[in-house]
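Heads up: the structure comes next, in structure tokens.
The values are calculated or read from the model by the stated rules, or taken from the named source; none is laboratory data. Quick caveat, the model's predicted, so the values are computed rather than measured. Cβ placement follows ideal geometry from the backbone for every residue including glycine, while neighbour counts extend to all protein chains displayed.
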């Protein structure tokens with residue numbers, strides 16, 4: 001399947017079936033911390049980049065096996081780039097709600113929430129998770145490197161307006177990069193915007209996996225905790241999570257009593273194919289892949305990938321004292 005991946009163990013959503021709407025990195029951002037790689041098409045154009053019927057057919061094929069659907073907690077709509085650029089988003093979300101019977105979450109960079117057609121499409125989702133990393137123009141440009149067609153003020157107003165209109169849960173993610181958007185001035189400006197929004201929670205993150213640009217460095221756990229405490233005390237947001245360096249409260253709760261998927265029936269070639277599919281979307285450690293695929297341990301992943309590492313199809317990269325595996329087409 002080209003557009004479905006997982007289910008994977010999501011830090012914040014539990015056992016998540018991913019739906020990737022775009023064939024490559026099509027986005028209106030080229031974020032310095034992106035783990036997918038550089039944006040190949042920097043655009044604000046909203047159109048059908050992949051036939052919507054093709055994606056729906058893959059969802060139908062997956063759903064035809066009830067045993068597989070039992071292993072899914074939530075369906076997460078995302079993309080290698082920005083999913084709201086795909087004009088078939090609304091049709092796909094409606095089909096997911098009708099066919100799967102599972103909660104549907106959408107990950108977005110938040111740029112298009114001022115558009116009526118995008119807001120209407122997202123209205124059927126259970127959870128929308130937009131990003132807002134910086135509200136000061138200079139930090140925004142350095143961090144997210146937006147296309148010229150993106151207007152920061154319009155984006156912020158779109159987020160604020162959508163937050164009051166949306167009837168599901170809205171979780172705002174903020175990713176903080178050392179030396180770029182971590183100053184007191186940046187955090188204070190961000191908090192002023194958050195006060196205007198109606199949010200179910202704020203989730204703080206930092207650079208965890210190998211980023212697009214090597215100068216994108218994480219902030220400390222202490223810095224995240226200090227920022228979380230400020231947001232919790234200075235806004236009306238009912239919940240502030242730190243999702244970096246561990247598993248969020250939501251994911252820990254969802255993990256209780258879960259039965260792992262059994263992959264014993266898979267052939268080695270199929271396992272390798274699943275691992276390659278994961279790595280094409282983001283760098284992972286052997287521990288990440290072992291947990292997601294319910295394998296016996298990271299040693300089994302390392303054994304499976306050894307021939308691909310030797311051939312150069314898969315590469316290794318040390319980041320923050322952890323070894324990540326990257327697909328050959330991903331960033332160096």
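One residue is enough: does region 95-102 have a residue meeting the conditions in a helix (DSSP H, G or I) and within 19 Å of the chain's Cα centre (by Cα)? Within region 95-102, one or more residues are in a helix (DSSP H, G or I) and within 19 Å of the chain's Cα centre (by Cα).
Are any of the residues in region 279-287 at pLDDT below 80, closer than 30 Å to residue 191 by Cβ and in a loop (DSSP other than H, G, I, E, B)? Checked against the condition, which is being at pLDDT below 80, closer than 30 Å to residue 191 by Cβ and in a loop (DSSP other than H, G, I, E, B), region 279-287 yields at least one hit.
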